[in-house]
Amino acid sequence: MSRRLIAVVLTAVGTGMVVSAAVSVWQQSLQFIDGRREVLHATAQAFSAAVAAAAANRDSAGAYAAIRGIGNVPNILYAEVRTAEGVPARCARRD
């Protein structure tokens, strides 16, 4: 009887620890993803603010100068500036 009780208690505690660890890993991964999304959004806002004047003036060279720094941002492979009509004005891509 004593061994059986010990086995049941250890199984219950072990299962609780595994479930707790799994939930913790899940929450941490969600927080990491949210953090990365916020950084990417802030980066996009910074580049759009930098290129806004050139895009408004249809200055292709100025737009390229503003977005060429995108090549230094990890995990961003392509950036494009479009006119109000949706026509691509300039793009920068990482090779």
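If we keep just the residues of region 69-88 that are assigned to a strand (DSSP E or B) and not basic (Lys, Arg), which is farthest from ARG58 (Cα to Cα)? Among residues in region 69-88 that are assigned to a strand (DSSP E or B) and not basic (Lys, Arg), the one farthest from ARG58 (Cα to Cα) is TYR78.
For region 35-50, indicate whether the set of residues that are within 18 Å of ARG82 (Cα to Cα), part of a helix (DSSP H, G or I) and in contact with a Gly (Cβ under 9 Å, 6 or more places away or on another chain) is non-empty. Yes, the conditions are met somewhere in region 35-50.
Per-residue answers, yes or no, for (1) at negative phi; (2) more than 15 Å from the chain's Cα centre (by Cα); (3) small (Gly, Ala, Ser):
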residue: MET17; (1), (2), (3): yes, yes, no
residue: LEU30; (1), (2), (3): yes, no, no
residue: GLN45; (1), (2), (3): yes, no, no
residue: VAL51; (1), (2), (3): yes, yes, no
residue: SER60; (1), (2), (3): yes, yes, yes
residue: ALA63; (1), (2), (3): yes, yes, yes
residue: GLY69; (1), (2), (3): yes, yes, yes
residue: ASN72; (1), (2), (3): yes, yes, no
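For every residue, the table says whether it meets (1) closer than 17 Å to ARG93 by Cα; (2) surrounded by 10 or more Cβ atoms within 10 Å (Cβ to Cβ); (3) touching a strand residue (DSSP E or B) at 6+ places or on another chain (Cβ under 9 Å).
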position: VAL23; (1), (2), (3): no, yes, no
position: PHE47; (1), (2), (3): yes, yes, yes
position: ALA61; (1), (2), (3): yes, no, yes
position: ALA66; (1), (2), (3): yes, yes, yes
position: ALA79; (1), (2), (3): yes, yes, yes
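Among the conditions (1) surrounded by 10 or more Cβ atoms within 10 Å (Cβ to Cβ); (2) modelled with pLDDT under 85, the only one that ARG36 does not satisfy is (2).
The values are calculated or read from the model by the stated rules, or taken from the named source; none is laboratory data. Everything quoted here is computed from the prediction, not taken from an experiment. Please note: Cβ atoms are built from the backbone with ideal geometry, for glycine as well, and neighbour counts cover all protein chains shown.
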